[in-house]
Structures are given as structure tokens and as C-alpha cells.
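Here the structure is laid out as C-alpha cells; the discussion comes afterwards.
The values are calculated or read from the model by the stated rules, or taken from the named source; none is laboratory data. A quick note: this is a predicted structure, and the numbers were derived from the prediction, not measured. With ideal geometry, Cβ positions are generated from the backbone for all residues, glycine too; neighbour counts draw on all protein chains shown. Protein only, heavy atoms only, side chains kept; ligands, DNA and RNA dropped before computing areas. Shrake-Rupley method; radii C 1.70, N 1.55, O 1.52, S 1.80 Å.
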Amino acid sequence: QVQLSESGGGLVQAGGSLRLSCVASGRIFRLYASAWYRQAPGKQRELVAVITPGSVTSYADSVKGRFTISRDNVKNTMYLQMTSLKPEDTAVYFCNGGRGNVYWGQGTQVTVSS
């Protein structure tokens with residue numbers, strides 16, 4: 001059983017930046033595609049960014065050019081660098097990974113004020 005733990009969320013003004021971290025208890029990020037999702041109040045959870053074991057990345061159109069997904073295999077940690085934040089980025093952010101994408105973190109709240 002692998003555990004994922006996110007951190008780095010908080011309250012930021014529009015135009016600001018945050019970096020989210022997701023620490024895994026196992027070496028899943030180097031073996032399987034991993035992702036960040038987010039869920040805003042009253043909305044479905046949506047995919048934000050993906051990184052493959054070969055470090056190929058992809059992004060939702062809404063965050064392309066503003067967010068960057070990365071990972072550190074030594075630290076078993078995945079990151080989401082968020083810049084030029086907008087109020088519509090407000091959500092709980094979750095990391096996800098593992099074979100079959102079965103593991104989820106508990107989420108970290110990001111609130112962007114206008």
C-alpha cells in the first residue's frame with residue numbers, strides 16, 4: 001500500500017504563485033504515469049497535469065503555460081508549480097499515481113482571491 005501526501009496549498013492573490021508537493025511512500029512516480037487533479041466546489045474532479053515515467057508532460061488547456069508538473073525520483077516527490085494564478089484555479093488539488101492510478105492523496109486546498 002502506497003500513501004501519497006500533498007502539501008503547499010494556501011491562500012494567494014490572483015497573479016501569484018504556489019508550488020504543490022506530493023510525497024509518495026513508495027517509488028511509484030518513476031514507474032507509472034502520475035497526475036495532479038483538482039476539484040472545485042460543486043464541480044467534478046478534473047485532470048490538471050500528467051507526467052510519464054519518461055518525463056513527458058501534458059496539461060489541461062486551462063492551465064497550459066501557467067502550471068508545470070515535475071518530479072524528483074530521489075525524493076519520491078512530485079510537484080506542481082503554479083504561476084499566474086486565477087480565481088478559477090481555486091480548488092482542492094489531489095495527486096494521483098501508481099499502477100492503474102489507484103493511489104490518491106488527501107488533497108490540499110488552493111484558494112485564489114481576486
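With semi-axes defined as the square roots of five times the eigenvalues of the C-alpha gyration tensor, the equivalent ellipsoid of region 2-114 measures 22, 14, 13 Å, largest first. The fraction of accessible area contributed by carbon and sulfur in region 1-82 is 48 percent, rounded to a whole number (1.4 Å probe; ligands and nucleic acids excluded). For region 65-114, the calculated P(r) over all alpha carbon pairs, in 10 Å bins from 0 to the bin holding the longest distance, is 21, 48, 27, 4 percent. For a Förster distance of 22 Å, can you work out the FRET efficiency between the beta-carbons of W104 and K64, rounded to the nearest 0.05? Result of the calculation: an efficiency of 0.40. Percent of Cα-Cα pairs per 5 Å bin, from 0 to the last occupied bin, for region 1-65, please list those. Histogramming region 1-65 at 5 Å steps yields 4, 13, 19, 27, 22, 10, 5, 0 percent.
Once Rg and the Kirkwood radius are both taken over the C-alpha atoms of region 36-76, their ratio Rg/Rh works out to 1.04.
Averaged over its residues, region 12-114 has an accessible area of 51 Å² per residue, based on protein heavy atoms and a 1.4 Å probe.
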